Amino acid sequence: MSERDFSPEPFSTEPRLPAGRLVLRPLRPADAEALFAIFSDAETMRYWSSSPWTSLTQADALITSAQLGNADGSALRFGLEIAASGQLIGTCTLYSFSSSNRRCEVGYILGRAYWGHGYMTEALPALLAHAFGALGLNRVEADIDPRNEASARLLERLHFKKEGFMRERWIVNGEICDTDYYGLLRADWLAAAE
């Protein structure tokens with residue numbers, strides 16, 4: 001495969017990626033309350049790289065930022081919507097694109113009420129298929145707190161390999177936290193799909 005420069009396609013319409021019981025779609029202003037419920041929950045945010053939200057304006061700011069990133073292709077943030085009900089239950093994002101290396105990072109969060117039901121196991125494969133297919137990426141990286149065992153198991157089920165450990169990478173609410181670094185190559189993703 002030849003090296004090519006890329007920029008993710010801006011969302012010119014409202015793309016929808018089917019993902020089992022979910023639909024991945026761009027965030028909308030009407031999502032503010034659902035996002036606030038997710039990001040203000042201390043347990044949900046336990047291993048996130050920032051503090052729980054304290055104001056609905058933070059949800060509005062995230063939606064605006066997501067819309068701008070989606071419009072210019074600098075980040076692709078999808079809301080995770082239950083197809084049957086239209087309920088927003090989380091987000092997943094491709095960001096920190098390196099066009100010359102065809103690489104980006106992935107981030108994801110799921111509301112606590114929806115943990116343990118396999119939703120992220122449905123959402124991330126759809127996102128990764130988009131990353132390695134339509135976007136032509138070669139590598140996707142993930143940075144997680146080593147104590148987040150559920151996230152580590154999820155990444156490993158999706159064929160990510162643990163590639164590194166960074167000591168004291170984050171300071172959140174005064175707590176110093178380490179990072180486990182994972183990577184997934186397009187070749188590994190395609191081989192696993194065969």
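Tabulated results
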{"item": "Rg to Rh, two decimals, where the range 131-194 supplies the alpha carbon set and Rh follows Kirkwood", "result": "1.06"}
{"item": "Net charge of Cβ neighbours under 12 Å - reference ARG21; Lys, Arg +1; Asp, Glu -1", "result": "-2"}
{"item": "Size of electric dipole in the range 17-140: Cβ of Lys, Arg +1 and of Asp, Glu -1, about Cα centre, debye, nearest 20", "result": "380"}
{"item": "Cα coordinate range in the range 101-148, projected on the principal axes (Å, largest first)", "result": "36, 22, 11"}
{"item": "Net charge of neighbours whose Cβ lies under 13 Å from the Cβ of ILE171, counting Lys and Arg as +1 and Asp and Glu as -1", "result": "-2"}
{"item": "Alpha carbon convex hull of the chain, volume per residue in cubic angstrom", "result": "122"}
{"item": "Mean residue ellipticity (222 nm) of the chain, computed from DSSP H runs ≥ 4 via -39,500 (n - 2.57), nearest 500", "result": "-9000 deg cm²/dmol"}
{"item": "Normalised per residue, the volume of the convex hull around the Cα set of the range 16-130 (Å³)", "result": "104"}
{"item": "Peptides ranked, highest mean first, by Cβ atoms within 10 Å: ranges 166-174, 94-102", "result": "94-102, 166-174"}
{"item": "Per residue, the convex hull volume that the Cα atoms of the range 12-55 enclose (Å³)", "result": "125"}
{"item": "Net charge over other residues, Cβ less than 14 angstrom from the Cβ of THR44 (K, R count +1; D, E count -1)", "result": "-1"}
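None of the figures in this text is laboratory data; all of them are computed from the coordinates on show. Since we're looking at a predicted model, the values are computed, not measured. FYI the Cβ positions are ideal-geometry reconstructions off the backbone, even for glycines, and counts take in every protein chain you see.
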